[in-house]
Structure formats: structure tokens, C-alpha cells
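**Q** Provided herewith is a single structure, encoded as C-alpha cells, for subsequent inquiry.
The values are calculated or read from the model by the stated rules, or taken from the named source; none is laboratory data. Worth saying up front: this structure is predicted, and the values here are computed from it rather than measured. Neighbour counts run over all protein chains shown; Cβ positions are idealised from the backbone, glycine included. Surface accessibility is based on the protein's heavy atoms, side chains included, excluding ligands, DNA and RNA. Shrake-Rupley method; radii C 1.70, N 1.55, O 1.52, S 1.80 Å.
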Amino acid sequence: MDSPRRTRLINSSRIIHRLWIEDELSRAELALRLGLNRSSVSNIVVDLMQRGIVRENETIDPGPKGGRRAIGITLNKEYFHVIGIEIRSDSYTALSVDLEGNVLFSETQPKGFTAKTFKEEMLSFIESLTQRLEYMGRHLLGVGIGFSGIVDAEKQVIIRSVSLDFQQPFDFSTEIASAFPFPVFLENDANCGAWGEVIFQRKRKLRNFLFVLIEFWKAYDVQTGLARPTVGLGFGFDGKIHRGSNNQAGEFKSVLNRDRYSSEQVVVDRTISVTENREALLAYLGEVCENLAFLINTLDIAHVFIGGNVETIEDVMPDMLRSALRANSLDHRDERTQIQFSSLGYQAVSFGAAALVLDNVLMNLEPLSDHGTQKVLPLFHLLA
């Protein structure tokens, strides 16, 4: 059986989670939502208020039936922050967000990462970044990292990455995450973009959607030095990210690329810059949209979010995708699918990496009951 101290820790985490979901609740509403008695909730709220994690707000209107006005409890939005990072072969984007997704800090800098020096550089980078952000005076919930490659998110293992030259599995959990007193999570970059939509739009309760990550600066042709366009897909089904049986869901290769030995996602003229040649860009996007239309119509996906280099494609991508959806549909309709660009653009992956932390720390409370785990437990490092 759980000890009283551990039970209190779990219930404290449940209260924080519920307030994050619903913004503001009275003590009585918290007790009702969580199936706890009011005295237990009141005692925990007092403790969380003393720590500065929650606040009392103005009284809540009792509604048309009247009665006593209740005091609302909300999270202190200035208490926590989360760091999200996208790493590439030539640069990184890092940001810090609060629990509502407001960006507190952001930077993109040229700094390459490769398999050969990955461990040393990541350890140094995470330590340096977290120390630099201590000036904010906020408690760090954790660090999320969006990675260009195939990731076993459950085991926290990099399986392989073409752009970062990982040809052998790399145990991220053991080699990097375990070195820090706060949670550090790794996920595929396109899946991170999808996490951002799930978590920060949690009140919309998205069910089935597709996140499309299109970037023109992540990989470079070794012969020409030109940037090669890349596409990654993140699938959300039933409010959860779908990784597939082998953690390869979202790995994209055009069905029009008939060369079985080719590793090109979309075959393009390597001597031409897609971003500088309009005809080449339209041809590239046209082929991508044909592939996406098949997936969207076949899976009956209601929402499509597009992130990455949106400023390069925002004037043509929606119309091209809708045209492809109509051409691929048996009834020639496209209005069933809502298409929108991620408001974060090139920050969508790092933003989603921060959302990944929130999902692991605030949404998933089950590990709190696991006595045998050796991992850092959600909220444990802040509430214990």
C-alpha cells in the first residue's frame, strides 16, 4: 500500500494536473472531480499555496441557483517553465514556455550536432542552457528535445538518423537524460510538432489529426552544399500520438519515387535550390500534397497542421493540398478537412518538445504509483 506521504504526493500532482486542464476550480469542485474529501483537498491546497504553486483568485460566481460564492484556485502561471529544443545537423532552436504555452525565451543559433560528439555536446548544451535561464526565477519542469531521426520514445533510444549520422542505436536515457536532476525527454521532430497541437490545444480535445513538418534547412547535399527539403509526419489518433509498431510512423517516402534503392523522400534536381527556384518548389510541394491527400482521405483526418518553413510555402500549400484532396476523393470534396499552419512556424518542433515534457509530467500520473521505477517521477523533484 502507498504510504501517507506518497498518497499526498500523488494527490498533489492530480490537483496540479486538474487545474492545468480546467484553469480555475474551487476546493469543492476539485474534491468532486478527483473523488477526494474536502479536508484533504484543502490541506493540499494550503501546502501548494505556501510553495507558491497555486493561488487563490477572486470568488467564483455561484450561478443562477445562488448560494455562497466560492474562492477559485488557479495555478501560479509564473511558477513553472519548460524548455523545448530542436536539434539539427547545423543549428538548434531552443525556447522556454510557461504552462499556457507563452514563449518566455527563444533563440536559434548555428551549432551542428553529429553522432560522433553527440553525448558530450548535448550534456554541455543542456547544462549551459538551463543555467542561463535561471535568471527567470522559475522552477524547471523538464527539457524536451525534438530529434531528426527514428526514436524509440518508450525506451528513449535513438534508432538511427540520416541527417545526424546515427547508424547504431544510442541509449539517450542512460547516456544523457540520467545525468540531470530534472526529466529530459527525446522524441522524433514531427511527433514533437504533433504533441504541441495535442497539449497546447487540449481544450479543443483534438482527436484525429496530421502534423506535417516541412523544412528546407535541416539536411544538406554533401556534393553541392545546397539545403535539401525534408518532410516528416506526426499522426494523432484518438488524442494520442501514433508511433507505429516499429517507431517509424511518419517516416516519409513518396509513392512516386519508384527507385526501391533510393532513400530520397522526393526526387529533386540536386543542383537546384528548391527555395530559390519557384518551379522546383511547386513541383516538390505538388508531389508532397499528392501523397498527403491519399493519407488524409484514406484515414479520414479532420485537422491538418503544417509547421516548419511556413513562410516559404504559406501562399501555395493550402490551395495545392485542397486541390489534391479533391482529386483523390471519390466525391471530389475537401471541406471535411481543416488545414492550418502552426502559429509557431519554424519553432513548432521546439514548442512541441516542451509540450512533450508537459504530457509526461502533468498528464501522465501513473508512474507516481510505480514503486519499482528508477526513473525521475513526474513532479517528484518539485513536490517531494
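**Q** Would you mind working out the magnitude of the charge dipole of the chain relative to its Cα centre, with +1 at each Lys and Arg C-beta and -1 at each Asp and Glu C-beta, to the nearest 20 Debye?
**A** 1440
**Q** What percentage of the solvent-accessible surface of the chain, computed with a 1.4 Å probe over protein heavy atoms, is contributed by carbon and sulfur atoms?
**A** Answer for the chain is 48 percent, counting heavy atoms of protein chains only.
**Q** Could you calculate, for the stretch 198-324, the ratio of the Cα radius of gyration to the Kirkwood radius, expressed as Rg to Rh?
**A** Ratio of gyration radius to Kirkwood radius for the stretch 198-324: 0.97.
**Q** Give a quick list of trypsin sites (Lys or Arg not before Pro) in the stretch 293-339 that DSSP marks as loop, anything other than H, G, I, E or B, with at most 14 other Cβ atoms within 10 Å.
**A** In loop regions of the stretch 293-339 (DSSP not H, G, I, E or B), the sparsely surrounded trypsin sites (Lys or Arg not before Pro) are Arg333, Arg336.
**Q** At 1.002 mPa s and 20 °C, plugging the Kirkwood radius over alpha-carbon pairs of the stretch 1-117 into Stokes-Einstein gives what diffusion coefficient in µm²/s? If you can, show how the numbers build up before the last one.
**A** On the way: Rh = 16.9 Å.
It comes out at roughly 127 µm²/s.
**Q** With the contact rule set at Cα under 8 Å and sequence spacing of 6 or more, what percent relative contact order holds for the stretch 232-292?
**A** Over the stretch 232-292, the number comes to 23 percent.
**Q** What accessible area per residue, rounded to a whole number of Å², is obtained for the stretch 2-133 using a probe radius of 1.4 Å?
**A** It amounts to 48 Å² per residue over the stretch 2-133.
**Q** So, one more: When the helix-only estimate is applied to the chain (DSSP H runs of n ≥ 4, each -39,500 (n - 2.57), divided by the residue count), what is the mean residue ellipticity at 222 nm, nearest 500 deg cm²/dmol? Could you put the intermediate results ahead of the total?
**A** Details: 11 runs with 125 residues, N = 384.
Computed mean residue ellipticity for the chain: -10000 deg cm²/dmol.
**Q** Something else now. May I ask you to derive the relative contact order of the stretch 207-336, considering only C-alpha pairs under 8 Å and at least 6 residues apart, and to give it as an integer percent?
**A** 26
**Q** Below 27 Å Cα-Cα, how many Lys pairs turn up in the chain? Only count pairs eight or more apart in sequence, or on different chains, if you could.
**A** Going through the chain pair by pair, I get 25.
**Q** Round to a whole angstrom and tell me the spacing of the C-alpha centers of the stretch 227-267 and the stretch 103-117.
**A** Centre-to-centre distance over Cα atoms comes out at 24 Å.
**Q** Another question, if that's okay. Given the options Ile10, Asn37, Ile71, identify the residue whose Cα lies farthest towards the positive end of the charge dipole of the chain (+1 on Cβ of Lys, Arg; -1 on Cβ of Asp, Glu).
**A** It is Asn37, whose Cα lies furthest towards the positive end.
**Q** Given the Cα atoms of the stretch 132-216, and with Rh set as the inverse mean 1/r over their pairs in the Kirkwood sense, what is Rg to Rh to two decimals?
**A** On the way: Rg = 15.0 Å, Rh = 14.7 Å.
Radius of gyration over Kirkwood radius for the stretch 132-216 works out to 1.02.
**Q** Follow-up question, since we're still on this one. Quick one: the Cα spread of the chain along its three principal axes, in angstroms, biggest first?
**A** 69, 52, 38
**Q** Nothing charged except the Cβ atoms of Lys and Arg (+1) and of Asp and Glu (-1): what's the magnitude of the dipole of the stretch 230-372 about its Cα centre? Round to the nearest 20 debye. Walk me through the intermediate numbers first.
**A** Numbers: 11 positive and 20 negative charges, 54 e Å.
Result for the stretch 230-372 is approximately 260 debye, rounded to the nearest 20.
**Q** Hey, if you drop one equal point scatterer on each alpha-carbon of the stretch 135-182 and run the Debye formula without solvent, what base-10 log of I(q)/I(0) do you get at q = 0.17, 0.22 Å⁻¹?
**A** -0.57, -0.81
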